[in-house]
Amino acid sequence: MNIELLNNKMSDSKTTVRVEFITADELKSHKKVKLLKTAGFNASADSICFLHESKNLICGVETQSVDEIRSSCSVAIKALKAANYKSAAFSVQKNNIQAIVEGIVLGGYDFENYKSKPKKTKFKNALLLCEDIKEMQDAFEEAIIIAEATCYTRDLVNTTPEDLNPPVFADIAKTLARENNLKCTILGEKELKDEKMNSMLAVGRASRHDSKLIHLVYKPKNPKKVITLIGKGLTYDSGGLSLKPAASMVTMKMDKAGGCAVLGMIKAASEMKLDIEIHAFVGAVENMIGGDAYKPDDVLVTRSGTTVEVRNTDAEGRLVLCDVLDYAQEKVNADYIFDFATLTGACMVALGQYTTGVMGHSTKLKHSFMMSAASASGELIGHLPFNKHLAKLLKSGIADISNVASKPYGGAITAGMFLDAFVKEENKEKWLHFDIAGSAYTETPWDCNVYGGTGSGVRFMSSFLKSIK
Ligand code: BES
Ligand code: ZN
Ligand code: ZN
């Protein structure tokens, strides 16, 4: 599908549908009100009505807010792809162009790599009409870059665990590095052993695929800030010997979503040519069972020297991240360190499926995400507070720390506090952990998300990176 930014006057051709977003109030004075009412249209949120004779697609919104427009636009684009028109025109303004691009690109996203007969559609062109192209061009281009990086992340998340295993993940990073002029370093198992990343290696030991640590760097000339992004890249999480029940194992290809998101973020940042140095680290590992598997009762000596008692091999993400965190802190002196992980089912219990959980010590930094970055990007972020009582639940009788808490309540927070044990004192205020277990994947469409990976994290992090002065 092409998306073009055009001047208002260049609109109509025979095959172009005009898309309009209206509230129930605006419906009352709409020139087609009678016809729309006859069709049963009342402009409620996410409802649409095609007026084929006049080539109008009228979309209901509760208010003209960007969240409503994005969601409604996602409904509209699906209807357009199912109809027989070649193109559609949307009026855009500075305040809603990003939401409309997201609705079109993300709401219209289809992943058909595994379909033998992809859906056919005549729909080819989305035309964004504005008063002054010059004034809108930058916002348009950035919105496209971010939406496409989100789709890139979705494609990776949706790829099957057989097709996207840790070595393939590393190859994908190399390709991205080549295309976007990034530096790429891959550590294989030999290098991981040399680095004493025993915890990460233990998780991947029963897999037939070698574990890989990916490090991508985007380095502009005079960076304003240096940022480290870390992603959990479990290409499959069977739970290991603490095997998941059959139903919970389905969708666990999404356990690489944090790693896929940081690839999407560095892609977007490099294409927007931001003045920020970015280091993206991914711990790419597969958690499997077998005679060689790591076990509950094992004690792992992590890269930092801290010892960890394994009480549950399904709490593997933190065992990968603790080594990657330690490595990343030694290699890069960053202003901010953010990690992204489908870390706990408990995060979904706490916040629901739609919201990313943010944890860390800096209230200011957490708030900047919850308020500005998230609200401008349309992603939902909720804060989960650490406390010293929960920290005590990670005590181990045999090692320095246990990989699971002794009580299940607050499981997203205790997982975050486990990671905190590997954040160096001088970096405490610079670090945030994002649990995307709920927000990274969906089997039922919501907002501009369709079945499968959502690309969660890419939009709010891009919006944060753009806002850095
Ligand atoms: N990858 C899972 C978390 C997860 C669950 C992500 C559901 C997305 C959807 C993680 O590795 C895991 O299994 N965590 C355990 C932790 C527990 C053993 C303390 C969990 O959430 O049950
Ligand atoms: Zn697990
Ligand atoms: Zn996992």
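The values are calculated or read from the model by the stated rules, or taken from the named source; none is laboratory data. Every value quoted in this text rests on a predicted model; they were computed, and no experiment measured them. Neighbour counts run over all protein chains shown; Cβ positions are idealised from the backbone, glycine included. Just so you know, the surface numbers come from the protein's heavy atoms only, side chains and all, with ligands and any DNA or RNA stripped out. Shrake-Rupley method; radii C 1.70, N 1.55, O 1.52, S 1.80 Å.
Observations
- Subset tally (residues that are out of contact with any helix residue (DSSP H, G or I) (no Cβ under 7 Å at 6 or more places or on another chain) and at negative phi) for region 339-362: 8
- G352 more than 16 Å from ligand 3 (Cβ to nearest atom), within 19 Å of G258 (Cα to Cα) and surrounded by fewer than 17 Cβ atoms within 10 Å (Cβ to Cβ): yes
Here is a yes/no grid of residues against (1) not in a loop (DSSP other than H, G, I, E, B); (2) not β-branched (V, I, T):
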{"residue": "S406", "(1), (2)": "no, yes"}
{"residue": "Y409", "(1), (2)": "no, yes"}
{"residue": "I413", "(1), (2)": "yes, no"}
{"residue": "E426", "(1), (2)": "yes, yes"}
{"residue": "E429", "(1), (2)": "yes, yes"}
{"residue": "T444", "(1), (2)": "no, no"}
{"residue": "G455", "(1), (2)": "no, yes"}
{"residue": "S462", "(1), (2)": "yes, yes"}
{"residue": "K466", "(1), (2)": "yes, yes"}
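- Here the helices (runs of 4 or more DSSP H) wholly within region 136-206 that include at least 1 residues being within 21 Å of the chain's Cα centre (by Cα) are 166-180.
- Answer from A126, A89 - the residue that is touching a residue at least 60 places away in the same chain (Cβ under 8 Å), closer than 19 Å to H52 by Cα, within 26 Å of the chain's Cα centre (by Cα) and not in a helix (DSSP H, G or I): A126
- Options T454, T444: the member that is out of contact with any Phe, Trp or Tyr (no Cβ under 7 Å at 6 or more places or on another chain) and either under 24 Å from T153 (Cα atoms) or crowded, with 18+ Cβ neighbours inside 10 Å (or both): T444
- In the set (1) within 16 Å of ligand 1 (Cβ to nearest atom); (2) in a helix (DSSP H, G or I); (3) open to solvent by 20 Å² or more (accessible area, probe 1.4 Å), the condition left unmet by E330 is number (1).
- Being under 19 Å from V75 (Cα atoms), open to solvent by less than 30 Å² (accessible area, probe 1.4 Å) and out of contact with any Gly (no Cβ under 8 Å at 6 or more places or on another chain) is a property that holds for L128.
- Set side by side, the residues A415, A405 differ, and just one is within 16 Å of ligand 1 (Cβ to nearest atom) and without any contact (Cβ under 8 Å) to a residue 40 or more places away in the chain, which is A405.
- N95 vs. criteria within 30 Å of T159 (Cα to Cα), open to solvent by 30 Å² or more (accessible area, probe 1.4 Å) and in a loop (DSSP other than H, G, I, E, B): no
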